[in-house]
Amino acid sequence: MPLNNNISFGRYLKSVRLSKGISIQEIADESRVSSDTLINIENEDHSKLPSEVYVKGFLRAYANYVGADGDRVIETYVQNLQGINDIKLEVTPSGETHWGKLFLSICVLFCIVGISVFLIPRIQGHSIREITDDQKTEQKSSDKVTKIVQHEDIKTNEVGGVESKSNKNDEIIQTIEQKTSDVAASMLVLKIKAIEETWLRVTVDDNDPREYTLKPEDRIEIQANSEYKLFIGNAGGVILNLNEKTVTMKKGGSGEVVYLKLP
């Protein structure tokens, strides 16, 4: 079904879906976009939709699944969003509101000045007393430190076997370094480089997913113990590298949504 210029993106997608007997849940399962988000897209509820770059990926995934014109859908969405933003910019405060805010600002300024005049002399006097007390405390602390250092010097001269303890410490350090090296070798390291604007959701091991919006030349590096789950909004917009080996995606081009599980 071609996109009529008089029909908006949400109603168009919904009409195509209904004409083919496809349910919202079916699209959600395939595209991994939540059913609530898909419903908000059909209702064109911009207040409940995420940022523009995310919505574009969702629209393309929806359109591809139902066989709609993804490019025209995104174009219509951008026009619709721009119209809403223009309306917001046209709303300006009235003169009465402007003068009310100005009067309130002047009152706040006078309050700040009055409080400052009252408090500054008190704070300065309090600070001078604190400095004097601190200087006395520092002098006493300095005397105590000198005595402690002298005591430690005498104690060090009396105790033998320092070299033996040093050798044991070296052995402990070597053992820790070896264990650290073994742990690092077993870690997975995923490097992601963006060549086009895209968004992605990454789940590391059993942790909560994290979302990223990347622009060309942006890079991120993520470590994991066992696996990654990636939901990429623009498959042709990123280059993946796992443990210094390039990851080849079997499907998905520029603008297409893909789901990957690595390794």
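The values are calculated or read from the model by the stated rules, or taken from the named source; none is laboratory data. Everything quoted here is computed from the prediction, not taken from an experiment. All Cβ positions, even for glycine, are placed from backbone atoms using ideal geometry, and neighbour counts span all protein chains on display.
A search for C-beta distances below 8 Å between a residue of segment 37-56 that is in contact (Cβ under 8 Å) with a residue 40 or more places away in the chain and any residue that is among the aliphatic types (A, V, I, L, M) and buried (at least 17 other Cβ atoms within 10 Å of the Cβ), counting only pairs 6+ apart in sequence or on different chains, returns LYS56/ILE74. Of all residue pairs spaced 6 or more apart or on separate chains, none has beta-carbon atoms under 7 Å together with a first member in segment 10-30 that is assigned by TED's automatic domain parsing to the domain that holds GLU44 and loosely packed, with under 15 Cβ neighbours inside 10 Å and a second member that is assigned to a loop (DSSP other than H, G, I, E, B) and polar (S, T, N, Q). Taking every residue in segment 221-235 that is more than 24 Å from SER31 (Cα to Cα) and not assigned by TED's automatic domain parsing to the domain that holds ASN64 and pairing it with any residue that is of a type outside the set (A, V, I, L, M, F, W, C) and not in a strand (DSSP E or B), at least 6 positions away or on another chain, the pairs with Cβ-Cβ distances below 8 Å are ALA224/ASP205; ASN225/SER186; ASN225/ASP205; SER226/ASP205.
Candidates are the residues of segment 239-263 that are among the hydroxyl-bearing types (Ser, Thr, Tyr) and free of Cβ contacts under 8 Å to residues at least 60 places away in the same chain; the one that is surrounded by the most Cβ atoms within 10 Å (Cβ to Cβ) is SER254. For segment 1-46, residues that are at pLDDT 90 or above, part of a helix (DSSP H, G or I) and hydroxyl-bearing (Ser, Thr, Tyr) total 5. Suppose the filter is surrounded by 15 or more Cβ atoms within 10 Å (Cβ to Cβ) and at pLDDT below 90; does GLY236 pass it? Here the answer is yes, as GLY236 does meet what is asked.
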